[in-house]
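Heads up, the thing below is written out as structure tokens.
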Amino acid sequence: QQQVKQSPQSLIVQKGGISIINCAYENTAFDYFPWYQQFPGKGPALLIAIRPDVSEKKEGRFTISFNKSAKQFSLHIMDSQPGDSATYFCAASREGDNDMRFGAGTRLTVKP
Amino acid sequence: DAGVTQSPTHLIKTRGQQVTLRCSPKSGHDTVSWYQQALGQGPQFIFQYYEEEERQRGNFPDRFSGHQFPNYSSELNVNALLLGDSALYLCASSFTTGTNTIYFGEGSWLTVV
């Protein structure tokens, strides 16, 4: 079932550092790639998303880099803060398909 | 602006029992999707409801069923509960079917004992 592979499983970063989470997908029909942030006991919250017509999208400290030929995309968190400590999920879907496929998640810990 | 609301937040059921979970979509949204998130895993699509009909279904058995009401709220029903059904059940809403931008509620934690 899994069509999106996410790495690493866990990540520890010092405050102020850059956090990088990677995802790879299999289905070339996917055309929407969001990232979700989930805090313990909460539902996933949409963080940022990209479509394959652009190679990068930046919103504040969060940047998605997209490599269509490699079928990979990544989330970069600049100036990581302890409040960013959460589990991050990448996902992929295609227009008209309501079944969004999620990666297994990356638990990010930002140390003060 | 109310987000996606779900109830109950936590519940414990016994194997073989039935459970009903409820969801109200975000204001202005008419489409509801349900996801199952096992501990340590990403969410998995169960099904989606739009215009009171099931529009698409993921790889889940018929024990999982749902309903959407005229006010767009939705229910997820699971019959003959198994221990493996223990998970966080997430409701997500969107502006319309086929739209990728979905917003999740905080989920209902189901424990089957």
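The values are calculated or read from the model by the stated rules, or taken from the named source; none is laboratory data. The model shown is predicted, which means the values in this text are computed figures rather than measured ones. No Cβ is skipped: glycine too gets one built from the backbone with ideal geometry, and neighbour counts run over all protein chains shown. Ligands, DNA and RNA are stripped out before the accessible areas are found, and what is left, the full protein with its side chains, is counted by its heavy atoms. Shrake-Rupley method; radii C 1.70, N 1.55, O 1.52, S 1.80 Å.
Considering the range A:87-112 alone, what residues qualify as being within 14 Å of another protein chain (Cβ to nearest Cβ), open to solvent by less than 10 Å² (accessible area, probe 1.4 Å) and part of a strand (DSSP E or B)?
A:Tyr88, A:Phe89, A:Cys90, A:Ala91, A:Ala92, A:Ser93, A:Thr106
Would you list the strands (runs of 3 or more DSSP E) that sit entirely within chain B and hold 1 or more residues that are open to solvent by 20 Å² or more (accessible area, probe 1.4 Å), touching a residue at least 40 places away in the same chain (Cβ under 8 Å) and of a type in the set (Gly, Ala, Ser)?
B:5-7, B:19-24
Given the structure, is A:Leu75 open to solvent by less than 20 Å² (accessible area, probe 1.4 Å), in contact with a helix residue (DSSP H, G or I) (Cβ under 7 Å, 6 or more places away or on another chain) and closer than 19 Å to B:Pro43 by Cα?
no
When the range A:42-58 is examined, which residues are found to be open to solvent by 50 Å² or more (accessible area, probe 1.4 Å) and part of a loop (DSSP other than H, G, I, E, B)?
The answer is A:Lys42, A:Arg51, A:Asp53, A:Val54, A:Ser55.
Counting just the residues of the range B:4-42 that are farther than 30 Å from A:Gln9 by Cβ and touching a Lys or Arg at 6+ places or on another chain (Cβ under 6 Å), which one comes out farthest from the other protein chains (Cβ to nearest Cβ)?
Of everything passing the filter in the range B:4-42, B:Val19 is farthest from the other protein chains (Cβ to nearest Cβ).
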